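What follows is a set of notes on a single structure, which appears directly below.
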Amino acid sequence: SDDNAEYNMPYQLSGHGGGSYQWFPAEGLNNPSVPNPVATLTNNASYVLRVMDDIGCIAYDTIHLRVLEGPAFYVPTAFTPNG
């Protein structure tokens with residue numbers, strides 16, 4: 001699923017279902033050849049995961065990460081407490 005990541009903080013990606021893994025692009029990842037690399041981002045990013053099983057079947061998936069910079073909590077401002 002697409003997700004939010006904190007600015008310059010480690011974010012654990014998660015892949016499964018195969019024998020070999022390759023994440024693209026490799027920038028910002030600690031190891032693009034493992035199922036669960038750690039991304040440290042300063043800008044929004046999209047990663048594509050290529051998974052190959054033991055008999056050569058290949059599957060792809062993409063995750064989009066939005067990098068949030070600022071307070072740990074974001075409060076919507078489009079409503080009022082009194083309705």
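Laboratory data are not the source of any read-out in this text; all were calculated from the coordinates shown. Small disclaimer: the values here were computed from a predicted structure and weren't measured. Cβ placement follows ideal geometry from the backbone for every residue including glycine, while neighbour counts extend to all protein chains displayed.
Spin-label pair E69-A26: with each label point 7 Å from Cα along the Cα-Cβ axis, the two points sit 2.7 nm from one another. Charging the Cβ of each Asp and Glu at -1 and of each Lys and Arg at +1, and nothing else, the dipole of the chain about its Cα centre rounds to 100 debye. Scanning the chain for chymotrypsin sites (Phe, Trp or Tyr not before Pro) that sit in a DSSP loop and have at most 15 other Cβ atoms within 10 Å, the longest stretch containing none of them is 8-72.
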